[in-house]
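All remarks here apply to the structure that follows.
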Number of protein chains: 4
Amino acid sequence: MIVVLRPNLPAEEVDKVVAEVAKMGYQPHPIRGAIQTVIAAIGDERVNPSLETLTAWPQVETVLRVQKRYKLVSKEGHPQPTVINVNGQQIGGGQPFCIMGGPCSVESEEQIMTTARAVKAAGATILRGGAFKPRTSPYEFQGLGETGLKLLAAARKEFGLAVITEVLAEKDVELVASYADILQIGARNAQNFALITAAAKTGKPILLKRGMSMRVEEWLLAAEYILSNGNPNVFLCERGIRTFETYTRNTLDLSAVAILKQETHLPVIIDPSQGCGRADLVIELCKAAAALNADGLLVEVHPNPAEAWSDGQQQVDFKAFAQLCRSLKPFIAAVGRPS
Amino acid sequence: MIVVLRPNLPAEEVDKVVAEVAKMGYQPHPIRGAIQTVIAAIGDERVNPSLETLTAWPQVETVLRVQKRYKLVSKEGHPQPTVINVNGQQIGGGQPFCIMGGPCSVESEEQIMTTARAVKAAGATILRGGAFKPRTSPYEFQGLGETGLKLLAAARKEFGLAVITEVLAEKDVELVASYADILQIGARNAQNFALITAAAKTGKPILLKRGMSMRVEEWLLAAEYILSNGNPNVFLCERGIRTFETYTRNTLDLSAVAILKQETHLPVIIDPSQGCGRADLVIELCKAAAALNADGLLVEVHPNPAEAWSDGQQQVDFKAFAQLCRSLKPFIAAVGRPS
Amino acid sequence: MIVVLRPNLPAEEVDKVVAEVAKMGYQPHPIRGAIQTVIAAIGDERVNPSLETLTAWPQVETVLRVQKRYKLVSKEGHPQPTVINVNGQQIGGGQPFCIMGGPCSVESEEQIMTTARAVKAAGATILRGGAFKPRTSPYEFQGLGETGLKLLAAARKEFGLAVITEVLAEKDVELVASYADILQIGARNAQNFALITAAAKTGKPILLKRGMSMRVEEWLLAAEYILSNGNPNVFLCERGIRTFETYTRNTLDLSAVAILKQETHLPVIIDPSQGCGRADLVIELCKAAAALNADGLLVEVHPNPAEAWSDGQQQVDFKAFAQLCRSLKPFIAAVGRPS
Amino acid sequence: MIVVLRPNLPAEEVDKVVAEVAKMGYQPHPIRGAIQTVIAAIGDERVNPSLETLTAWPQVETVLRVQKRYKLVSKEGHPQPTVINVNGQQIGGGQPFCIMGGPCSVESEEQIMTTARAVKAAGATILRGGAFKPRTSPYEFQGLGETGLKLLAAARKEFGLAVITEVLAEKDVELVASYADILQIGARNAQNFALITAAAKTGKPILLKRGMSMRVEEWLLAAEYILSNGNPNVFLCERGIRTFETYTRNTLDLSAVAILKQETHLPVIIDPSQGCGRADLVIELCKAAAALNADGLLVEVHPNPAEAWSDGQQQVDFKAFAQLCRSLKPFIAAVGRPS
C-alpha cells in the first residue's frame, strides 16, 4: 500500500506514521517528494490489515492500494480459461456458445413444457425458469416454489435440457440443488455471503449475477467467496447496472465482458433481458455479447409475454427467440467459436 | 395505471389493447388525445397484475403507474408517527433524539467495555457493534460471531445500554435475536427478503439500512415485507448511496429524511459513518441530521480507530464522540425535540 | 399529460385542479379511480406549458408526461435514416461503416502526418485530432489552437481524408468551421446550447457527443436544437456515461445504439476510446459496436501513446489500429453492411 | 505519482519503465514489493505530464496520483476563508448567512417587483432571477433576455437588493455583467471553460454551480480556471447531483459542504430548489444547509408557482419563503454565525 502524508509534515510526524506502518506488519519505505512524503508499505495486502484505517490520523491524507484483492478468480495464477461441465455440456474457454432460455417465472406445466420445446428447437441447451422469485413488493407473485422446481425437472426429463434456477434462501439451498443443474444467485443477493457460501458448498455450478451497483472488483471478490469455499465452477453473469438512464431498466455494461476476460479465467454470461428490461432491444444486445466473445446468454422467453406473471415487458416470444438464435450465428462464427 | 399507445394507432388496434386491459382485471377508459390515445385503467394496482407487461405489445409505447405500491408503511392509513419501544426506551415521533454508538466490529472484552462506558457517558443510549460482519473480501475479518454477541450482552448488563447488531444469515437469526435488542439488516441484504422475513418473525425491532443503489420506493417496499409479516417496529436507516463521487465512500442522501417524513410513519435513523466513510466529516453530518429532525443516529466509535480491525477510517474516537454529542444539542433543541 | 391527484380528495378540490388544467390550455378529462382521481389533460405538450408545475399544489401527487418531447429528430415524422454527406462520403443508413481515427490532440506536423498516413492505410476515411482541448485542469495542455487546425488541413490535403475536430468556444466556431469537415461538440458542452446553436448555423455536419450524465431523451433534445436551427446533419456519438465503476473511465452504454435506432433517424457513432479510457479494451468494444449496426467509430490513435500529450492511456498505436480495422470486417459483414 | 507494475515483471522490463519515468521529467524510485514493483515518481504533478499515459504499456498495471491537482482554490496556501464583497455586502467566512431568493425565470415587471419586495421583507439580501434560461428542449421558454436583465436592475434600484443571474453564452457575458452583481454559471456549463474564462475576466463575483455528475475534485478545478484567470471571487454552489433516485429531481449532496470546508477557502452556497426539485422539501434542506455552516442559500421563490413559466414544482411562494427564513434563525445561531 502507499500511505500519502499531508504536505509539509514535520519529520517527527512522518516517523510516527512510519512506526505505525511497521507495527501493522508492513515494511515501510518513506520517500520524500516535491510536495509531500509517501510511505511505500511492503507486505501482502490480503494477509495484513488494511492501512486504510490510517486515514483516521491527521498526518495521513490518503492510502492507496497497490495489489489486487482477489487471487483464486484471477488469471495470474490460473491463465487457462475455466471450462464448466454442466451435465456433460462444456461451457467456457473455446467451447460452443451456450444459450440459456426460458421464462422469468415458471407458471404452469403447459407454459414450461411448451417453452422448453421451443427454446430447444431454437438452439438453447439450458432451460431457465424462476421457482422462487425475489420481488420488490411483497404483494407481487413470489413463484411456485417446489412445484415450480418439479415442473423444471419434468421439462429436463422430457427435453434433455439442463436446468438453471435461482435460489433465494439458505434454507432452500439443498432443495433447489436437488432439482437444478446450475444454481443462480440473483443481483439482490450478490453480496449475501451466507447464501453464496451455502450454495458453493453444494458443489453445483453457480451463476453469480452482478449486483445492481457492484464494481467489477466487488463482483470478483464475491466469486472469490465461492472458489475459496472449494467450488471452482462459477459463471459470472452481467445483467445491467443501475444508472440515471430511464429508457432502459438497467444499463447493460457490455465492457464488463472485455474486462472480465482480462481479469479472470471464469466464463462470462450476458443477461440482456434484465440488462435492458425491454424485449425490443434483446436481439441486438445478444449480437453484441456474441461479438465480445461472451461464453453464453441467459434470455427470458415466454409463450405470451403480455400475460406473463412477472416482467413480461422484457420477455421475448418463441418466434423472436428463434430469430434471435439464428441471427447470432455469423457473430459467433466471427469470433471463431463453435455455435 | 395509464397505458400510453403509440401515435396514430388505428381504432381496431386500440380496441385490442382495451380488451386486454379488461381481461387483466382493470376497467379501461380510453381517451383520444392530440397525438396519441391513452387508456386509463381503473383498479387496485397492488392486487391486479401489472400492466407493464403490455409494453411487450407493439401497440403500446409505455405504461405509467399511478398508485403507490406500499400501504402498511404509508402515512395515508397511519398518519401518526410510529414510536418504537426498545427495552423501555421510546424512539420516533416527538420522543428524544436517540444516539446509537459503538465500534464497527466487536474485537475484545476490553474494547467493547471501554467503548460502552465512553458512549454512555457521552449520551448514547444504545450500543452498536458487529459480531457478524459482511466483508467484501473473504480474506477480511468476518467478526467474532457468538463470542461477540456475548460481549455485547455483557456490556448491556454492565452499562444498561440496549444493543443493536447486524444479522447476516437466516440460520443465525434466532441466535442474534437472543442477544440483541434491535436486529440490523445491512445495506447488502436490503433486498434479501428471506433474511428480512426471518428477522421480522422474531418480533424484535428491525433497523433496515438502505441498499447501496436502492430508490426510496424500493426501500419502503422492503420495509413493507417486515410489516406485512406482522412486525410494525422498523427503523429506516439512511447510510449513503453509491454515486460517482470519490472524495466520500458513499453519498449520504440527507434529503431522504425529508422524503421519508412525508411518505411514512416509521422512524428515520442516519448513519453518517458509512454514509461518508470519513471520520472527519461525521460530526458535521450529524448536525445536519438533527436539523432535518431525524429520529436518531448510528455512529461508529472506536478506542483507537487507526488500529481497528475494520473500517477505522470512518470511526471516531471517544473524545470526538463526546464532542459530537455535545455539539448536537442546539440543533436538537432547534427542531423542538427533547435531547 | 396525466395529473395524478392525492387519494381521497374532496370533489371541490378536484374541480379546482380541473379548472387550472383548463386555464393552462389543456382539455381536462377527470377519471375517478379505485384509490385516487387522475386528470387526463389533452393538448400538445410541446406547445402548452408543462403541467408539472401543478405539483406545487397540495392536491396534486404527481404529473406524468405522455408525449415525446422531440419531433424533428424522431423517426415518427422521418422514418428513413438520415444519410450525411461529408465531402462526398455518405454516412448513415445502409452506407459503408465509417471509421474516424486520429490522435486525441494534434501535437506536431510529424505526429499528425504519420498518423494520417497510418489510419488511412488501415481503412479510416476521416481524420480526428483535437486542436482545442477541454481539460479538467487549467494546468493541462489546452491544444495547439489554429496551428493544430492548419496541420489537420494539411493532412487532409495530403491524404484525402475528411477532418473532424472539436470546437469549444462560440468565438472559435467560424474559425474551426473554416478548417473542419465535421464539427465535434464534446461531452462537457452537450448542453451548452449557445455553442450548439452557433455550430448548427455554420451548416457543417455536427458530431454531438452524449454528456457524461445525459439521458437519451436529453441527448435527443440537444440534437433537436441543431435540427430546429436548420441543420439536419447530426451524428450522435455515444462516448460512455459516468457511473460508479472504477475499472473503466466511463461506462460505454452500447444499448444506446439499439435505442437510438428505434427513436431517431440520425446516424450513430461509437467512441470506445473515451468510452472506456483503456486502450486494451478498445478493439473488443469496436466489434460490439459493429455488431449493433452502429454507423461508425471514432477511435483515438497515436504513434506512441505513452508519450501522448493527453490521454495516452486510451490511445492505440498504429499496429493495434490496423488490427482493429481488419478484425471488424466479419462483424460489419454479419450485419449486412458494406465495409 | 506511483507507477504500479504488473506482478512478476523481469528486471529489464522494470528498467525500461524507470527510464521512461525519468524521460518524462520525474525522479524515479523503484521499490520491489511482495507481489509487484512500484515506482514512486518524484516531481510536481501539476507541471510535468501525467504518467497515466504509461498504462498504455503492457508492463504497467496502473498509475496512482499523489498530489492534489488544484492549488489556488486550496486551503493549503490560503488557510483563511475568502470573504466576497457584493455591493458592500460581505459573504463567506464568519459573515452573516446570505439568502438569495427570487424566481426561476423573470416573467414580467409585476412578477419581479412583487417578488423582490417579498424576499427582501423575509430577509433575503440578493435577488435571483433568470433572464437567459438553459432549457432541455428548444421548445421551452428561453427567458426574456435583456428585457429580463432590465427588470432585475429596476428591482435592484427599487429595493436595494444585489442581483444574481445566469449567463449562458460568451457573447452575452459583457451584457449580463453590465446588469448583474454576481454572474451565475449553471450546472450544464460547469465545464464550459470558454464561458467560465470569459466570465472570470469581467472581474465580477462568479457563482459556479456543480455540474450534474461532477466530482468535487473536478468542480474545484473548474473554479481553479477562474482564480488562475485573476478573479478570486468564486462562490461554489451545490445544486444536487444526478443519481438513480426518482423521488427527487437530483440528489442534494450536503456532505459536499463539509468536504469543501476542508478543501477550499471559497464560500459555499446551497441551492435546495434545484437540489431536490420539490418545493415541499426545500425548507427542511435549508435547515440542514444552515446546520452544516454553509455560507448561504439560493432559493427559488414565485408569487404563484403553479403558473410559473419554468420549474414551478420547485419554487416556494411568498408565505413559505417567509416561514423558511424565520425557521432558519435557530440553526444559524447554533453554528455561531450572525443571521
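The values are calculated or read from the model by the stated rules, or taken from the named source; none is laboratory data. The structure presented is a predicted model; accordingly, all values stated were derived computationally and were not measured. Cβ sites come from the backbone with ideal geometry, for glycine too, and all protein chains shown count toward neighbours.
Is it fair to say A:Ala334 is touching a residue at least 12 places away in the same chain (Cβ under 8 Å), out of contact with any strand residue (DSSP E or B) (no Cβ under 7 Å at 6 or more places or on another chain), under 30 Å from A:Thr264 (Cβ atoms) and surrounded by 20 or more Cβ atoms within 10 Å (Cβ to Cβ)?
yes
Only residues that are at pLDDT 90 or above and within 11 Å of chain A (Cβ to nearest Cβ): list them for segment B:33-51, please.
B:Leu51
Within segment A:113-133, identify whether any single residue is without any contact (Cβ under 8 Å) to a residue 24 or more places away in the chain and not polar (S, T, N, Q), and answer yes or no.
No.
So which residues in segment D:52-71 are among the hydrophobic types (A, V, I, L, M, F, W, C) and facing another protein chain (nearest Cβ under 7 Å)?
Hits for segment D:52-71 are D:Leu54, D:Ala56, D:Trp57, D:Leu64, D:Val66.
Restricting to segment C:55-65, and then to whatever is more than 30 Å from C:Ala258 (Cβ to Cβ) and not in a strand (DSSP E or B), can you tell me which residue is modelled with the lowest pLDDT?
C:Ala56
So D:Lys287 ticks every box in (1) at pLDDT 95 or above; (2) surrounded by 24 or more Cβ atoms within 10 Å (Cβ to Cβ); (3) within 14 Å of chain C (Cβ to nearest Cβ); (4) closer than 19 Å to D:Ile99 by Cα but one. Which box is left unticked?
It fails just one condition, (3).
What tally of residues in segment D:244-278 results from selecting those that are more than 18 Å from B:Cys276 (Cβ to Cβ) and among the basic types (Lys, Arg)?
Here the count works out to 2.
So, in segment D:66-92, exactly how many residues are closer than 20 Å to D:Lys261 by Cβ and not in a strand (DSSP E or B)?
So the answer is 16.
So, in segment D:192-204, of the ones that are outside any loop (DSSP other than H, G, I, E, B) and not basic (Lys, Arg), which residue ends up nearest to the other protein chains (Cβ to nearest Cβ)?
D:Ala194
Name the residue that is farthest from D:Cys98 (Cα to Cα), counting only residues in segment D:296-307 that are surrounded by 24 or more Cβ atoms within 10 Å (Cβ to Cβ) and within 13 Å of chain C (Cβ to nearest Cβ).
Among them, the one singled out is D:Pro305.
Looking at the structure I just gave you, is C:Glu13 acidic (Asp, Glu) and within 9 Å of another protein chain (Cβ to nearest Cβ)?
So C:Glu13 does not fit the description; no.
Is it the case, given these coordinates, that C:Arg239 is of a type outside the set (S, T, N, Q), crowded, with 21+ Cβ neighbours inside 10 Å and modelled with pLDDT under 95?
So C:Arg239 fails the test.
Just a yes or no: is a residue in segment C:255-270 facing another protein chain (nearest Cβ under 9 Å), farther than 24 Å from C:Lys71 by Cα, buried (at least 24 other Cβ atoms within 10 Å of the Cβ) and not aliphatic (A, V, I, L, M)?
No, the conditions are met nowhere in segment C:255-270.
Kindly evaluate B:Ile283 against the criterion of being of a type in the set (Val, Ile, Thr) and in contact (Cβ under 8 Å) with a residue 40 or more places away in the chain.
yes
Do we find that C:Leu220 is farther than 14 Å from C:Phe132 by Cα and touching a Phe, Trp or Tyr at 6+ places or on another chain (Cβ under 8 Å) in this structure?
Answer is yes for this residue.
Restricting to segment D:78-118, count the residues that are crowded, with 19+ Cβ neighbours inside 10 Å and within 19 Å of the chain's Cα centre (by Cα).
Result for segment D:78-118: 12.
Give C:Glu61, C:Glu52, C:Glu12 a once-over and let me know the one that is surrounded by fewer than 17 Cβ atoms within 10 Å (Cβ to Cβ) and either under 21 Å from B:Ile2 (Cα atoms) or not β-branched (Val, Ile, Thr) (or both).
Being surrounded by fewer than 17 Cβ atoms within 10 Å (Cβ to Cβ) and either under 21 Å from B:Ile2 (Cα atoms) or not β-branched (Val, Ile, Thr) (or both) holds for just one of C:Glu61, C:Glu52, C:Glu12, which is C:Glu12.
It is to be established whether one or more residues within segment A:47-66 are among the charged types (D, E, K, R), under 25 Å from D:Tyr26 (Cβ atoms) and touching a strand residue (DSSP E or B) at 6+ places or on another chain (Cβ under 9 Å).
Yes, because at least one residue in segment A:47-66 is among the charged types (D, E, K, R), under 25 Å from D:Tyr26 (Cβ atoms) and touching a strand residue (DSSP E or B) at 6+ places or on another chain (Cβ under 9 Å).
Only one of these conditions is not met by B:Glu217: (1) crowded, with 24+ Cβ neighbours inside 10 Å; (2) in contact (Cβ under 8 Å) with a residue 60 or more places away in the chain. Which number is it?
(1)
Being closer than 24 Å to A:Gly230 by Cβ, of a type outside the set (A, V, I, L, M, F, W, C) and in contact (Cβ under 8 Å) with a residue 40 or more places away in the chain is the requirement here; does A:Gln89 meet it?
For A:Gln89, the condition - closer than 24 Å to A:Gly230 by Cβ, of a type outside the set (A, V, I, L, M, F, W, C) and in contact (Cβ under 8 Å) with a residue 40 or more places away in the chain - is met.
Only one of D:Ala162, D:Ala153 is under 16 Å from D:Ile206 (Cα atoms), modelled with pLDDT of 95 or more and assigned by TED's automatic domain parsing to the domain that holds D:Met212. Can you tell me which?
Of the residues listed, the single one that is under 16 Å from D:Ile206 (Cα atoms), modelled with pLDDT of 95 or more and assigned by TED's automatic domain parsing to the domain that holds D:Met212 is D:Ala162.
May I ask you to list the residues in segment B:161-196 that are hydroxyl-bearing (Ser, Thr, Tyr) and over 15 Å from the mean Cα position of the chain (by Cα)?
B:Ser178, B:Tyr179
Among what's in segment A:240-282 and is out of contact with any strand residue (DSSP E or B) (no Cβ under 9 Å at 6 or more places or on another chain) and among the β-branched types (Val, Ile, Thr), pick the residue that is farthest from C:Glu284 (Cα to Cα).
Across segment A:240-282, the extreme among qualifying residues is A:Thr246.
Tell me the helices (runs of 4 or more DSSP H) entirely within segment D:93-185 that contain at least 3 residues that are touching a helix residue (DSSP H, G or I) at 6+ places or on another chain (Cβ under 6 Å).
So the answer is D:109-122, D:146-159.
In the list C:Lys75, C:Lys23, which residue meets the criterion of being closer than 26 Å to D:Arg135 by Cα, more than 14 Å from chain D (Cβ to nearest Cβ) and surrounded by fewer than 16 Cβ atoms within 10 Å (Cβ to Cβ)?
None of the others qualify; the one that does is C:Lys75.
Checking D:Arg337 against (1) within 28 Å of D:Leu227 (Cα to Cα); (2) part of a helix (DSSP H, G or I); (3) not β-branched (Val, Ile, Thr): exactly one of these is not met. Which one?
Failed condition: (2).
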